[in-house]
Ligand SMILES: Nc1ncnc2c1ncn2[C@@H]1O[C@H](COP(=O)(O)OP(=O)(O)O)[C@@H](O)[C@H]1O
Ligand SMILES: [Mg+2]
């Protein structure tokens with residue numbers, strides 16, 4: 001049994017069928033990536049797991065428990081957390097408050113403090129800027145904050161929607177290092193990326209999505225070497 | 001000096017009325033801040049609070065009827081949100097606005113039905129209606145209490161919003177519903193809290209307002225409601241300090257205009273002000289640029 005099992009998930013936005021029956025597994029302790037072109041349904045997949053979108057069909061199980069259609073706050077309390085596309089930090093809150101709000105459901109003060117220290121260790125920059133309004137941070141800092149905020153919930157699974165989007169290459173490298181580090185600390189990672197190359201390099205397992213379907217899967221390395229993947233997503237004809 | 005002494009009662013009244021507008025304006029501005037909704041029913045909630053007091057005090061002592069007014073007004077405010085706005089959470093904004101106008105008419109017509117359209121005399125609340133002497137001027141105690149109470153309540157509200165967990169959640173929800181949900185925030189609870197606060201302040205505002213104006217009619221919510229709304233727009237809708245400053249400015253200006261002998265134009269002033277703001281600074285004094293929710 002995998003930690004997360006998605007089976008035949010269908011999602012509709014009005015008349016448009018955005019997911020046409022998606023199935024995949026996320027093993028506990030692994031990094032899994034979904035790659036695919038714009039509009040393939042990657043974000044929708046994560047939003048559905050996070051409870052923001054309700055599937056019309058299909059099931060999602062977590063630790064063997066059916067979690068299909070639960071409210072987002074239920075899922076957060078179970079340890080499933082999403083870092084949304086475009087960072088979406090609360091620009092009107094300070095960096096510190098953004099982190100505190102990530103731990104919204106955690107009652108134990110000592111636990112929150114310890115987690116805060118941990119996040120500040122991962123991102124010393126956030127500690128320096130803790131009283132600054134999040135809206136005034138640079139794009140890279142906002143992404144760190146978005147990840148740090150998600151970590152404050154002490155997730156078992158962290159889902160990230162295009163964390164490298166629009167960031168300078170050096171910052172992107174930093175983000176991928178952090179993803180590896182978070183994973184080594186025992187958190188399962190489900191990652192969406194346009195930057196398929198970097199994503200497949202860190203991922204244990206990958207799935208390729210096309211227009212609402214999963215069309216290929218394999219280990220990160222296998223997909224990196226696959227001709228079709230190379231042509232379609234890595235921009236390397238061979 | 002003589003001029004000031006002669007006009008001091010108007011100034012005091014202006015400050016006091018400004019405080020009453022402020023208590024109503026906060027309800028408009030907070031609901032707008034969270035739902036991007038102009039809650040047209042808010043002025044009518046204020047009117048209903050007046051009638052609740054009229055009927056409650058007829059058979060109950062003040063120490064029961066006063067808290068009862070506050071509790072029932074809060075319950076009604078939250079109920080309106082649940083029944084008329086919550087089901088429309090993902091509907092276009094215009095639908096919610098129309099629903100708010102519907103609730104406004106519903107409350108007015110309900111009041112007509114119950115009262116038969118007759119003005120009701122608001123009960124006199126001892127002590128706060130007593131007259132006091134300030135220097136050369138004699139005025140009612142309520143004139144003095146209103147601005148003080150208003151300021152105390154506003155400070156408490158600001159502390160709540162800036163320093164507590166629910167306040168932090170309110171600020172987060174006002175910025176981004178979806179991401180707030182991803183933090184584990186129950187947005188419906190936060191929205192209800194906003195309506196509780198807005199209705200609570202409107203109930204206090206109504207007690208202070210009607211103690212001075214003494215009669216309640218089904219349409220009486222319209223004028224103070226509109227003025228409080230203009231105050232909120234003037235201050236920059238969504239901004240609490242903006243709404244408060246706007247309310248005091250409108251209250252004071254209105255009464256200065258009366259002091260100058262142009263009583264007929266005192267209401268017109270408020271609406272002229274609205275037009276001027278909408279033309280020259282639509283975001284108001286402290287309003288942020290429309291940050292459309294994604
Ligand atoms: N809120 C929405 N309303 C309507 N259609 C949507 C919405 N979100 C996504 N879609 C559509 O669903 C499809 C999948 O989108 P998305 O999951 O964002 O893809 P990806 O993240 O892979 O780029 C696209 O055709 C997109 O236009
Ligand atoms: Mg996407």
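What follows is calculated from the coordinates using simple rules that are stated; it is not laboratory data. This structure is a prediction, so every number in the text was calculated from the model and none was measured. Positions of Cβ are generated from backbone atoms using ideal geometry, with glycine treated the same way; all protein chains shown enter the neighbour counts.
Here are the numbers:
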| quantity | calculated |
| --- | --- |
| Total residues in segment A:36-86, condition in a helix (DSSP H, G or I), touching a strand residue (DSSP E or B) at 6+ places or on another chain (Cβ under 6 Å) and facing chain B (nearest Cβ under 9 Å) | 1 |
| Residue match in segment A:96-111 (condition: under 20 Å from residue A:156 (Cα atoms), away from every other protein chain (no Cβ under 11 Å), touching a residue at least 12 places away in the same chain (Cβ under 8 Å) and part of a helix (DSSP H, G or I)) | yes |
| Listing of helices (runs of 4 or more DSSP H) fully contained in segment B:202-290 that carry 2 or more residues being farther than 23 Å from residue B:73 by Cβ and without any contact (Cβ under 8 Å) to a residue 24 or more places away in the chain | B:266-280 |
| Scan of segment A:25-42 for residues that are within 16 Å of ligand 1 (Cβ to nearest atom) and closer than 19 Å to residue A:81 by Cα, ordered by number | A:32, A:33, A:34, A:41, A:42 |
| Identity of the residue in segment A:72-93, surrounded by fewer than 18 Cβ atoms within 10 Å (Cβ to Cβ) and more than 25 Å from residue A:164 (Cβ to Cβ), that ends up farthest from the chain's Cα centre (by Cα) | A:92 |
| All positions within segment A:1-19 that are more than 14 Å from every other protein chain (Cβ to nearest Cβ), over 15 Å from residue A:58 (Cβ atoms) and within 16 Å of ligand 1 (Cβ to nearest atom) | A:15, A:16 |
| Breaking point among (1) over 19 Å from residue A:189 (Cα atoms); (2) within 15 Å of ligand 1 (Cβ to nearest atom); (3) touching a helix residue (DSSP H, G or I) at 6+ places or on another chain (Cβ under 8 Å), for residue A:22 | (1) |
